[in-house]
Amino acid sequence: PTIRRIDYQPLAWTVQSVDLHFTLDAKATVVRNRMHCERRGAGPLVLMAEGLTRVSLTVDGVEVAETALRETDTGLEIDLGERDTALVEVVTQINPSANTELSGLYHSGGGLYTQCEAEGFRRITCFPDRPDVMARFTVTLEADMAAFPVLLSNGNLVDSGDLDGGRHFAIWEDPFPKPSYLFALVAGDLVVLERTEKTRSGREVLLQVWVEDGNLDRADHAMDSLVHSMRWDEKTFGLELDLDRYMIVAVSDFNMGAMENKGLNIFNAKFVLAKPDTATDVDYEHIESVVAHEYFHNWTGNRVTCQDWFQLTLKEGLTVFRDQQFSADMLAAAGGESARAVKRIEDVRMLRTAQFPEDAGPMAHPIRPDQYQAIDNFYTATVYEKGAEVIRMLHTLLGAEGFRNGMDLYFSYHDGQAVTCDDFVEAMSEANGVDLDQFMRWYSQRGTPRLLAEGRYDAAARQYTLTLTQQRPDGDEALHMPVALGLIGPKGADLPLTLAGETSAGATTRLIELKDTSTTLVFEGIDAEPVPSLLRGFSAPVILELTEDDRRLAFRMAHDSDPFNRWDAAQRFMVRVILAMTADAAKGVLPQVPDAFMTAFGALLHNEKLDPAYRAVALTLPAEAYLLEQMTPADPVALRRALIVLMRSIGERLGDSWLGLDARLSVAGEYRYHPTDAGRRALRNLGQRYLCAAGVAKGVERALARATGEGHMTDRFGALAALVHSPASAEAATALADFERRFAKDALVMDKWFAIQAGAWRWIDSAEPALARIEALMSHPAFSLSNPNKIYALFGAYFRANPAEFHRADGAGYRFWADRIRDLNKRNPQVASRMARVLENWRRLTPAQQALAREQIEALVGEKDLSPDVREVLEKALGKT
Ligand code: ARG
Ligand code: ZN
């Protein structure tokens with residue numbers, strides 16, 4: 001069924017407080033739930049329930065009569081007559097071991113864990129499982145002491161002790177009312193890393209990171225990240241931790257990244273565990289940002305939550321923006337402003353690779369969707385990443401101080417409430433005295449807007465005229481769009497900008513607020529034709545269309561003072577070159593790399609004034625997914641041929657430079673996670689990729705030594721990736737075998753090993769296709785179909801990171817995909833649906849590939865037992881809904 005935003009209605013009954021009692025057992029857990037309910041309007045008490053065995057149900061101590069009870073598709077309704085309050089008690093039994101969906105209460109590695117967002121709580125007990133029902137929770141956990149020595153839930157521990165028969169209990173009380181999606185419990189044999197800190201106001205708080213025995217030496221970075229997050233939120237937004245205790249728990253089986261349950265965050269282990277031998281710089285960076293993200297949710301998400309799930313971006317877009325700002329500040333503090341720019345570039349790269357294709361396909365939706373079938377399908381790049389860009393635009397328009405004032409007002413109005421995106425934007429508007437009505441359109445329009453730019457120089461009048469035109473995909477109304485821009489003079493320096501009618505020259509970068517479909521700006525006192533640098537810092541999530549020849553792009557690659565745009569100029573040049581080369585490859589012509597491009601690329605590489613971290617992002621080719629997005633039709637096989645030629649010539653023609661850098665960039669001393677060191681390692685690893693791609697003997701030799709040596713994981717994995725993505729197949733095989741031998745028992749590290757092979761390119765036609773390797777790896781002892789990380793590593797990397805192999809001409813990739821979806825659909829619909837989405841843009845492929853893909857999608861849609869999650873994705877892909 002389709003759920004619509006406009007149908008929102010408050011429930012007739014709410015829950016004031018709830019007492020939960022769990023008798024925990026891996027196979028038969030009994031949940032006694034006492035709800036103190038209160039009437040808010042006319043109608044029955046509505047409870048959601050899914051897959052529960054109901055043992056008993058009473059109201060005010062009396063068993064509910066059949067006639068007062070109605071079973072519905074989503075649960076049950078109880079007629080409570082004329083009462084205004086009621087004590088409703090329901091006892092249910094569940095089987096955590098049979099819960100392969102990993103939603104609700106489930107079993108993992110001997111422990112019990114919960115995941116309730118969005119609708120998992122109804123799989124634990126009957127409850128009005130909606131975010132606008134906020135109740136105070138008291139939770140009693142009772143379990144066998146040997147099997148489950150640690151018992152955790154939200155809030156503060158108020159009592160614990162032993163019981164007869166080798167059992168024990170713990171009672172947890174959360175002082176803050178919360179929606180059921182923030183409920184959590186953990187029971188298992190875990191060890192803890194602890195630290196006490198004082199909050200800004202001087203309260204002592206206990207911080208804990210719980211992990212499986214044997215992983216305690218991998219918890220420090222998560223703990224440090226937590227402390228840094230606390231400090232940052234105090235300083236930046238005046239927001240303090242509100243509990244006496246804050247817990248992070250790592251679990252191996254988890255559908256997504258992590259979950260912000262009140263005071264008890266549960267994390268996918270890969271976003272907690274790190275030590276130099278097992279985690280790369282990128283892993284360290286991700287851990288820091290996910291820990292921060294979940295911590296920041298405590299205010300933006302938990303203290304103020306969503307009225308309904310259509311408002312998801314209210315908490316997610318805002319919290320992603322907050323974690324991006326936090327990481328940028330952390331990076332800048334340690335590595336300078338250039339490190340901040342690198343972070344912005346990485347965030348935009350991700351938006352363009354993941355969100356732009358989503359917004360151009362059948363799953364396109366506004367950051368606040370108007371309808372859905374399965375809410376779990378809407379935890380998307382659009383809601384999260386584009387949502388964060390929308391918040392960033394507010395920050396740009398209002399300034400840091402104005403934004404902070406808006407946040408303060410938002411909390412003063414809505415602390416403890418479940419609200420909407422309108423409430424947030426209204427607080428921003430009121431605090432700053434600005435009209436944001438037009439800005440609200442960002443919440444209701446889907447698709448990536450285009451910004452067309454045209455410049456004209458008039459030498460006689462010394463004027464430069466710039467016309468900016470918005471183009472919205474659905475022909476919607478004009479957006480309120482902040483555009484930061486500058487003009488670069490012929491010598492490469494920014495010009496001070498004077499708009500017609502202004503008396504004195506202003507800054508070199510100006511923020512223009514577009515509100516109309518078309519805006520013309522006239523700059524005066526311009527002595528020679530300038531080069532425009534538009535949308536600096538990516539000031540709005542749009543596609544900028546500006547005609548620039550190779551000379552201009554090379555000029556901006558060398559001179560644009562905005563580090564984001566300088567990077568973007570390189571990306572644009574790369575896109576142009578790669579698309580031309582791909583067109584040749586598709587015609588069977590051997591693609592050539594233009595000299596002008598190699599010169600501009602080499603100039604960036606040799607520019608020692610630029611930090612290594614910056615050069616690493618600037619010299620990385622655009623992602624294949626982003627490139628395919630620019631091609632009509634998308635031809636992954638031809639694209640791959642072009643990329644192989646390009647990578648080879650970058651390695652060959654700049655071989656000596658890369659080898660020289662490799663020696664110069666080595667980092668002395670013990671590994672530390674630091675942006676300066678990480679930048680050096682990143683550029684070195686990138687050079688290694690190009691050198692190995694070109695088969696430069698010295699490069700291959702060094703890579704093999706590093707991949708099999710005694711260094712840390714960033715070097716080891718960088719070298720392994722370079723070899724696997726190269727024609728040096730013998731060395732790649734040696735390195736893979738060495739890696740497997742070392743890490744066979746380390747699940748998280750083995751995920752890297754699976755993923756790198758699933759993503760492997762074929763450098764010579766006779767090489768083994770990725771699919772053959774993947775099929776063999778499915779029976780590897782370290783692989784498991786019930787672990788989401790393994791699915792994402794082996795299948796996800798193939799479907800998403802290896803388009804040329806997945807979209808093979810014989811359609812075997814699609815048949816393999818359909819078989820995986822069929823199987824995963826039965827085990828875990830959320831994971832299945834994420835994997836199903838990899839073919840949603842099948843209509844962009846060549847006609848032959850379209851036919852092969854369609855056949856598999858249609859076959860799947862024809863099946864009876866498809867979960868609503870997978871069905872929604874596939875039907876949309878076929879244009880059926
Ligand atoms: N709120 C979590 C986070 O962003 C993600 C929960 C995802 N839930 C889901 N059903 N996909 O940190
Ligand atoms: Zn989140």
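None of 694, 618, 613, 603 is among the small types (Gly, Ala, Ser) and in contact with an Asp or Glu (Cβ under 7 Å, 6 or more places away or on another chain) except 694. Looking for something over 26 Å from the mean Cα position of the chain (by Cα) and at pLDDT 95 or above - is there at least one such residue anywhere in region 610-627? Yes: region 610-627 contains one or more residues that are over 26 Å from the mean Cα position of the chain (by Cα) and at pLDDT 95 or above. Of the residues making up region 264-283, just one is over 19 Å from the mean Cα position of the chain (by Cα) and within 15 Å of ligand 1 (Cβ to nearest atom), namely 264.
Taken together, the residues in region 604-630 that are open to solvent by 60 Å² or more (accessible area, probe 1.4 Å) and either in a helix (DSSP H, G or I) or without any contact (Cβ under 8 Å) to a residue 12 or more places away in the chain (or both) amount to 3. For residue 90, the conditions (1) crowded, with 24+ Cβ neighbours inside 10 Å; (2) within 16 Å of ligand 1 (Cβ to nearest atom) all hold with the exception of (2).
For the list (1) away from ligand 1 (no atom under 14 Å from the Cβ); (2) open to solvent by 10 Å² or more (accessible area, probe 1.4 Å); (3) of a type in the set (S, T, N, Q), I need the number of the one condition that residue 289 fails. Residue 289 satisfies all of (1) away from ligand 1 (no atom under 14 Å from the Cβ); (2) open to solvent by 10 Å² or more (accessible area, probe 1.4 Å); (3) of a type in the set (S, T, N, Q) except (1). Is at least one residue of region 280-290 in contact with a Phe, Trp or Tyr (Cβ under 9 Å, 6 or more places away or on another chain) and within 12 Å of ligand 2 (Cβ to nearest atom)? Within region 280-290, one or more residues are in contact with a Phe, Trp or Tyr (Cβ under 9 Å, 6 or more places away or on another chain) and within 12 Å of ligand 2 (Cβ to nearest atom).
Yes or no, residue by residue, for (1) surrounded by 24 or more Cβ atoms within 10 Å (Cβ to Cβ); (2) of a type in the set (Asp, Glu); (3) free of Cβ contacts under 8 Å to residues at least 12 places away in the same chain; (4) more than 9 Å from ligand 2 (Cβ to nearest atom):
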residue	(1), (2), (3), (4)
295	yes, no, no, yes
304	no, no, no, yes
324	no, no, no, yes
329	no, yes, no, yes
332	no, no, yes, yes
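Selection of strands (runs of 3 or more DSSP E) fully inside region 86-192 by the criterion of at least 1 residues being among the aromatic types (Phe, Trp, Tyr) returns 104-108, 111-115, 136-144, 167-173.
Would you point out which residue out of 104, 110 is open to solvent by less than 60 Å² (accessible area, probe 1.4 Å), small (Gly, Ala, Ser), on the phi > 0 side of the Ramachandran plot and within 16 Å of ligand 1 (Cβ to nearest atom)?
Testing whether each residue is open to solvent by less than 60 Å² (accessible area, probe 1.4 Å), small (Gly, Ala, Ser), on the phi > 0 side of the Ramachandran plot and within 16 Å of ligand 1 (Cβ to nearest atom) leaves just 104.
Only one of the listed residues (79, 162, 84, 129) is touching a strand residue (DSSP E or B) at 6+ places or on another chain (Cβ under 9 Å) and either modelled with pLDDT under 95 or crowded, with 23+ Cβ neighbours inside 10 Å (or both). That residue is 129.
If you go through region 421-469 and keep only what is in contact (Cβ under 8 Å) with a residue 60 or more places away in the chain, among the polar types (S, T, N, Q) and closer than 24 Å to residue 352 by Cβ, you end up with 444, 445, 448.
Note on region 372-425: residues that are within 16 Å of ligand 1 (Cβ to nearest atom), among the aromatic types (Phe, Trp, Tyr) and assigned to a helix (DSSP H, G or I) amount to 2. If you go through region 231-254 and keep only what is out of contact with any Asp or Glu (no Cβ under 7 Å at 6 or more places or on another chain) and not in a loop (DSSP other than H, G, I, E, B), you end up with 231, 233, 235, 236, 237, 245, 246, 247, 248, 249, 250, 251. All of (1) under 15 Å from residue 322 (Cβ atoms); (2) away from ligand 1 (no atom under 14 Å from the Cβ); (3) open to solvent by less than 20 Å² (accessible area, probe 1.4 Å) hold for residue 238 with one exception: (3). Any residue in region 778-801 that is in contact (Cβ under 8 Å) with a residue 60 or more places away in the chain and within 14 Å of residue 821 (Cα to Cα) sitting within a Cβ distance under 8 Å of a residue that is surrounded by 17 or more Cβ atoms within 10 Å (Cβ to Cβ) and hydrophobic (A, V, I, L, M, F, W, C)? List the pairs, counting only those 6 or more apart or interchain. Hits for this filter: 788/102; 788/254; 788/831.
Taken residue by residue, region 502-516 has no member that is open to solvent by less than 70 Å² (accessible area, probe 1.4 Å), in contact with a helix residue (DSSP H, G or I) (Cβ under 9 Å, 6 or more places away or on another chain) and free of Cβ contacts under 8 Å to residues at least 40 places away in the same chain. The single residue among 390, 425, 383, 419 that is open to solvent by less than 40 Å² (accessible area, probe 1.4 Å), under 23 Å from residue 542 (Cα atoms) and over 22 Å from the mean Cα position of the chain (by Cα) turns out to be 425.
Filtering 815, 773, 822, 762 for residues that are surrounded by fewer than 21 Cβ atoms within 10 Å (Cβ to Cβ), at pLDDT 95 or above and part of a loop (DSSP other than H, G, I, E, B) leaves a single hit, 762. Counting residues in region 780-792 that are open to solvent by 10 Å² or more (accessible area, probe 1.4 Å), assigned to a loop (DSSP other than H, G, I, E, B) and touching a Lys or Arg at 6+ places or on another chain (Cβ under 6 Å) gives one or more.
Report yes if residue 245 is touching a strand residue (DSSP E or B) at 6+ places or on another chain (Cβ under 6 Å) and among the charged types (D, E, K, R), otherwise no.
Considered against the rule, which asks whether it is touching a strand residue (DSSP E or B) at 6+ places or on another chain (Cβ under 6 Å) and among the charged types (D, E, K, R), residue 245 comes out as yes.
Determine whether residue 796 is part of a helix (DSSP H, G or I), more than 22 Å from the chain's Cα centre (by Cα) and either among the hydrophobic types (A, V, I, L, M, F, W, C) or at pLDDT 95 or above (or both). Answer is no for this residue. Looking at residue 547, is it closer than 20 Å to residue 568 by Cα and open to solvent by 40 Å² or more (accessible area, probe 1.4 Å)? Judged against the criteria, residue 547 is a match. Of all the residues in region 428-461, those that are open to solvent by less than 70 Å² (accessible area, probe 1.4 Å) and part of a helix (DSSP H, G or I) number 9. Scan region 160-186 for residues that are of a type in the set (A, V, I, L, M, F, W, C) and touching a Ser or Thr at 6+ places or on another chain (Cβ under 9 Å) and jot them down. Those that are of a type in the set (A, V, I, L, M, F, W, C) and touching a Ser or Thr at 6+ places or on another chain (Cβ under 9 Å): 169, 170, 171, 172, 182, 183, 184, 185, 186.
Within region 184-233, which residues are among the hydroxyl-bearing types (Ser, Thr, Tyr) and under 22 Å from residue 254 (Cα atoms)? 225, the sole residue that qualifies. Scan region 839-862 and tell me whether some residue there is within 16 Å of ligand 1 (Cβ to nearest atom), out of contact with any strand residue (DSSP E or B) (no Cβ under 6 Å at 6 or more places or on another chain) and closer than 18 Å to residue 358 by Cα. Checking region 839-862: not a single residue is within 16 Å of ligand 1 (Cβ to nearest atom), out of contact with any strand residue (DSSP E or B) (no Cβ under 6 Å at 6 or more places or on another chain) and closer than 18 Å to residue 358 by Cα. Taking region 411-460 as the range and being over 17 Å from residue 397 (Cα atoms) and of a type in the set (Ser, Thr, Tyr) as the test, the residues that pass are 412, 413, 420, 444, 448, 457.
The values are calculated or read from the model by the stated rules, or taken from the named source; none is laboratory data. These numbers were taken from a predicted model, which means no experiment stands behind them. Every residue, glycine among them, receives a Cβ derived from its backbone with ideal geometry; neighbour counts consider all protein chains shown. Note: accessible area is taken over every heavy atom of the protein model, side chains too, but ligands, DNA and RNA are not part of it. Shrake-Rupley method; radii C 1.70, N 1.55, O 1.52, S 1.80 Å.
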